[in-house]
Structures are given as structure tokens and as C-alpha cells.
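Notes follow the structure.
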Amino acid sequence: RSRELVDGAGADRIVAAWAEIIEAPPGLNARPARIEDASQLFDWRNEPSVRKVSRTRNELSWDSHVAWVAAAVANPEVCLLIAEMDGAPAGTVRFHALDPLNWEVSITVGANMRGRRLAGPMLHEAERFFCSKYPGKTLHAAMLASNQPSLRLFQAAGYTGGLSRIDN
């Protein structure tokens, strides 16, 4: 009876399901942010739903934001990426160095792209870009306890324990 229930292909089905979750759909890519992206980043960061799950919940001022973007794109200890879907901005993924080997990652999916199951593929594409430039780093995801969607995203992406993941 057990042989009828177990076909031995469970692992293959799990891997296929993971691939479906994290593989980038056609048209999705991650690229380095530029100062010209400041307006889009400003809009995403100041959305009430994003501020609600951010460490700093205050609305940003334009001048301080532009200064931050300019500093971030010039800083080798920050990897600020824009995810695009068919050439349109879809969200942002930011990696910043905690120390030479440990980097923190955060993600924001643009409001117009939510509900399309893009967070996992966006994270995967951003990690691929990041790991090609910064190999051998440990990635950490930190989020507010109330941010259950981010918790589920990073767990599904393989982050464990303190939601850290080693990528080679």
C-alpha cells in the first residue's frame, strides 16, 4: 500500500515548486539604481504601507532623500537595485554592509506590482546580481515582527535562523 502512496519523486516536485516561485518571469531584471531613480524610490519609500513596516516611519523629505540616494549609489558598501518588469520599475532591493562579510537586505515591491507574486523573483534576481559583484557574503534579513509578508518571503527564499543566508 505504501508503494502506491509514495512515488519517490517528492523531492523533484518540491524543487520544481521552488523554481516556479523564485525563477524570474520573462521581462524581470535587476539593475543598479541611479540618481535619476530618486523620485521613484522616494514615492515607494513614502507610501503609508511601506512606512508602516519600516524602521523609520516618518515621511521622508525630498532633499534628505536625494542626498541619501546620491550617497548610496556612490557607496561601495551599499548595493541599491531597481527591479524592472518589462522595463517598468517594479520595486527596489537594497543590500548594505554590516561588516565586510555580513550584509543586510531589504525589499520593497511597488504598489502597482503587488499581488503579482513578484517579491520572490525580484529578491532572487537581486541576489544573483549582488552575488556576482560581492561573492561569499552572508545575507541577513531584518524586519519588524509585524511584517509577516516579509518574514514569509525570506523564509521561502531559504533564509533561516535569524533569517540569514549564506550565498557563495
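Laboratory data are not the source of any read-out in this text; all were calculated from the coordinates shown. Because the structure is a prediction, the values reported are computed rather than measured. Note: ideal-geometry Cβ built from the backbone for every residue, glycine included; neighbour counts use all protein chains shown.
Quick rundown of the values:
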item	result
Contour minus Cα-Cα distance for S61 and N112 (0.36 nm per residue)	16.1 nm
Spin-label model distance (nm) - I35 vs V53, 7 Å beyond Cα toward Cβ	3.2 nm
5 angstrom amide H check on A142, placed H, neighbours 5+ away	V105
Anisotropy class of the range 88-168 from Cα gyration tensor, a/c 1.5 cut	oblate
Length gained when the stretch H96-E77 is fully extended (0.36 nm per residue, less Cα-Cα span)	6.3 nm
For the range 56-77 versus the range 107-150, the gap between their alpha-carbon centres in whole angstrom	19 Å
